[in-house]
Amino acid sequence: MTREAAYVALFTLLRGLKTAGLVKVCDRRVRLLEEMAVSELPALFMAVDHQQMVQQKGLPSRRTLGAKLFLYAANPDRHTSAGIVLNGLIDAVEAALLPPPPEDTQTLGGQASHAWIDGPIQVFEGPMGERAAAILTVHMLVP
């Protein structure tokens with residue numbers, strides 16, 4: 001199993017958020033929030049992150065691949081915080097990574113033994129609440 005196959009499977013799953021109309025832009029080439037027009041938000045970007053190999057004598061290597069997800073949102077009107085939209089987007093990513101029934105783990109269509117959100121979710125909201133961003137890490141255990 002190749003690393004890229006796992007990243008493609010993850011991105012394909014996340015691209016479903018665009019198909020569902022939850023994001024307007026979904027890409028593997030990360031752009032800065034400041035470069036984006038309000039009409040392009042909400043947006044989701046995915047980048048390859050750290051990769052870890054663990055080897056124990058007599059056992060196959062255990063590979064954990066990381067992906068950083070960058071979520072961007074804008075407020076729908078001047079009386080509403082962009083953080084509200086951003087929280088909904090984080091929830092949508094979390095829901096997308098739930099295992100499909102009747103499975104108990106998300107395997108990305110067999111490309112990973114397990115895929116999950118791991119660690120802190122960093123949230124950044126502008127002082128006026130016009131735009132917000134979140135960065136989260138997805139780990140994939142790949143055989």
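Just one of the listed residues (48, 38) is surrounded by fewer than 17 Cβ atoms within 10 Å (Cβ to Cβ) and under 28 Å from residue 128 (Cβ atoms), and it is 38. Scanning the stretch 112-143 for residues being over 16 Å from the mean Cα position of the chain (by Cα) and touching a residue at least 12 places away in the same chain (Cβ under 8 Å) gives a total of 8. When residue 4 is tested against (1) within 20 Å of residue 66 (Cα to Cα); (2) in contact with a strand residue (DSSP E or B) (Cβ under 7 Å, 6 or more places away or on another chain), only condition (2) is not met. Taking only pairs six or more apart or across chains, which ones have beta-carbon atoms under 8 Å, a first residue in the stretch 86-111 that is within 15 Å of residue 11 (Cα to Cα), and a second residue that is among the hydroxyl-bearing types (Ser, Thr, Tyr) and buried (at least 16 other Cβ atoms within 10 Å of the Cβ)? If the second residue must be among the hydroxyl-bearing types (Ser, Thr, Tyr) and buried (at least 16 other Cβ atoms within 10 Å of the Cβ), the pairs left are 107/113. Scanning the stretch 78-97 for residues that are in a loop (DSSP other than H, G, I, E, B) and either aliphatic (A, V, I, L, M) or under 14 Å from residue 43 (Cβ atoms) (or both) yields a single hit, 97.
Got a sec? Which of 13, 17, 22, 71 is in contact with a helix residue (DSSP H, G or I) (Cβ under 8 Å, 6 or more places away or on another chain), surrounded by 15 or more Cβ atoms within 10 Å (Cβ to Cβ) and assigned to a strand (DSSP E or B)? Answer to the selection: 71. Quick check on the stretch 1-10: of everything there that is more than 13 Å from the chain's Cα centre (by Cα) and in a helix (DSSP H, G or I), which residue is surrounded by the most Cβ atoms within 10 Å (Cβ to Cβ)? Restricting to residues being more than 13 Å from the chain's Cα centre (by Cα) and in a helix (DSSP H, G or I), the top hit is 6. Among the residues making up the stretch 88-114, those that are farther than 23 Å from residue 21 by Cα and surrounded by 15 or more Cβ atoms within 10 Å (Cβ to Cβ) are 107, 111, 112, 113, 114.
Quick grid of which residues meet (1) of a type in the set (A, V, I, L, M); (2) at positive phi; (3) surrounded by fewer than 17 Cβ atoms within 10 Å (Cβ to Cβ):
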{"position": "56", "(1), (2), (3)": "no, no, yes"}
{"position": "59", "(1), (2), (3)": "yes, no, yes"}
{"position": "83", "(1), (2), (3)": "no, no, no"}
{"position": "119", "(1), (2), (3)": "no, yes, yes"}
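Bear in mind these aren't lab numbers, they're just calculated from the coordinates by the rules spelled out. Model, not experiment: these values are computed from the prediction. Note: ideal-geometry Cβ built from the backbone for every residue, glycine included; neighbour counts use all protein chains shown.
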